[in-house]
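As structure tokens, the structure follows; a few thoughts come after it.
The values are calculated or read from the model by the stated rules, or taken from the named source; none is laboratory data. A quick note: this is a predicted structure, and the numbers were derived from the prediction, not measured. Note that we place each Cβ from the backbone using ideal geometry, even for glycine, and neighbour counts take in every protein chain shown. For accessibility, only protein heavy atoms count, side chains too; no ligands or nucleic acids. Shrake-Rupley method; radii C 1.70, N 1.55, O 1.52, S 1.80 Å.
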Amino acid sequence: MSRKRTREETMLAAVSHQNSINGESASCSKEHSPIHANYNGGSSANLMFLKDFKSIDQISVYQERLPSICKEAPFSDDPEAIAERNACDYNTRITLKQARSGKVPRKIRVYADGIYDLFHQGHARQLLQAKNIFPNVYLIVGVCNDELTHSKKGRTVMTDLERYDAVRHCRYVDEVVRDAPWELDDDFMKRHKIDFVAHDDIPYMTDDGSDVYAKFKAKGMFVATQRTEGVSTSDIVARIVKDYDIYVRRNLARGYSAKELNVSFLNEKKFRLQNKFDDLKDKGKRVMENIGEKRMDMISKWEEKSRDFIDAFLLLFGREGRLSTIWNEGKGRLMQALSPPASPKRDGSPNSSNSSHNDEDQTSPPPKKTGRYEFPQNNHYLSDDYSDDEEENLHSK
């Protein structure tokens, strides 16, 4: 935040405290600040009060002494609100011109109403505008109950009790009216001593087609506030419906049961499985984030290790690797064991002429057989005239 803005907000707080001392508004709007370009009102006492502070440090010290808002706004039937209402002289009517000038004898009672479901910054800004629409504003906020709201506008996310409590904790609200009517009448205005009604200028139609605030606009009792573009209760509900699965998974992870979320058994299992996958992704991201600068070193080391692993793999399983060599050697031994060399063949065998030269070189020729003993031709044992008589003669000799 810049020093200029800090100084401006601090001076606004100081002006608000001085206004409360003088019986004026405790408003701290920049538009109604003496240091704001659009300032068009306020008493001269405020300007003199600011001149007493010669530096931002003096204002900061004084700001520490300002009373803080330490409790919620009262309801309209609380004793505090009743006392404030009784102290207001409603017979002294305040015109729009007088209210804008800031020269009024009492607080200006401004009324703003609405549903205020899922109270958001758009609601807060609308109440801020209503609080600062005039100097010295007492802001009364009316909130419709569930029965009336559901019949006129539809179902709400928050109950009426929750909506009452949300509005009364807004810092700009001075009083909350429960069970506020949908259409304002003169009796309601007099009972709560309302001087002006603050709302956006868009017409809100009744059942007969007329604007709810038409008669107050005609009487000069209506002041317009600006809507905050891009934010509304309907937009918030649309976001929830659009991302229904995400919010169901979120609540399941936080301990809600499928019955409480009106989710079927299969959808519950699906959502829980998706939550587990998301948790794993988140853990992985956190690990990578914690690594930080060491991540590049890890990647480079991983690349080196991967190269070594690839080299070792190729050395072991490649075409000329160790396993291929071992396999070829084992395969050769296995083939030799299963297929022994053929027996040697004879020279005179019919297939000897068909044998290759390689076989002759590798296998030695078989040894020659010893020839038969040849007897002499004159051997009487071989005589053709050999007979048993001759044999007998030989023996007789």
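The selection criterion, being under 30 Å from Lys270 (Cβ atoms), of a type in the set (Ser, Thr, Tyr) and surrounded by 13 or more Cβ atoms within 10 Å (Cβ to Cβ), holds for Tyr247. For Thr92, the conditions (1) assigned to a helix (DSSP H, G or I); (2) surrounded by fewer than 17 Cβ atoms within 10 Å (Cβ to Cβ) are fulfilled apart from (1). In the range 223-235, what residues are surrounded by 15 or more Cβ atoms within 10 Å (Cβ to Cβ) and under 28 Å from Ser264 (Cα atoms)? Residue satisfying the conditions is Thr233 alone.
Touching a Pro at 6+ places or on another chain (Cβ under 6 Å), assigned to a helix (DSSP H, G or I), in contact (Cβ under 8 Å) with a residue 60 or more places away in the chain and crowded, with 19+ Cβ neighbours inside 10 Å: which single residue out of Ala99, Ala81 fits that description?
On the way: Ala99 fails: touching a Pro at 6+ places or on another chain (Cβ under 6 Å).
Sole residue among the options that is touching a Pro at 6+ places or on another chain (Cβ under 6 Å), assigned to a helix (DSSP H, G or I), in contact (Cβ under 8 Å) with a residue 60 or more places away in the chain and crowded, with 19+ Cβ neighbours inside 10 Å: Ala81.
From the list Gly330, Gly292, the one residue that fits, being at pLDDT below 75 and of a type outside the set (A, V, I, L, M), is Gly292. Taking the criterion of being in a helix (DSSP H, G or I) and surrounded by 13 or more Cβ atoms within 10 Å (Cβ to Cβ), the residues of the range 259-274 that qualify are Asn267, Glu268, Lys270, Phe271, Arg272, Gln274.
Selection of first residues in the range 136-158 that are more than 24 Å from Thr225 (Cα to Cα) and in the same structural domain as Asp195 (by the TED database) and of second residues that are open to solvent by 30 Å² or more (accessible area, probe 1.4 Å) and aliphatic (A, V, I, L, M), restricted to Cβ pairs under 6 Å at least 6 apart or on distinct chains, gives the following pairs, ordered by first then second residue: Val157/Leu118.
Here the range 170-222 is the region considered, the condition is being in contact (Cβ under 8 Å) with a residue 12 or more places away in the chain and at positive phi, and the residue that is most open to solvent (accessible area, probe 1.4 Å) is Asp179.
Out of the residues in the range 115-136 meeting the condition of being in a loop (DSSP other than H, G, I, E, B) and of a type outside the set (Phe, Trp, Tyr), tell me which one is surrounded by the fewest Cβ atoms within 10 Å (Cβ to Cβ).
We begin by selecting, within the range 115-136, every residue in a loop (DSSP other than H, G, I, E, B); these are 115-120, 132-136.
With of a type outside the set (Phe, Trp, Tyr) added as a condition, the list becomes 115, 117-118, 120, 132-133, 135-136.
On the way: Ile115: 21, Asp117: 26, Leu118: 19, His120: 16, Asn132: 20, Ile133: 23, Pro135: 24, Asn136: 19.
Among residues in the range 115-136 that are in a loop (DSSP other than H, G, I, E, B) and of a type outside the set (Phe, Trp, Tyr), the one surrounded by the fewest Cβ atoms within 10 Å (Cβ to Cβ) is His120.
Inspect the range 180-191 for any residue being under 36 Å from the mean Cα position of the chain (by Cα) and at pLDDT 95 or above and give the result as yes or no. The answer is no; no qualifying residue exists.
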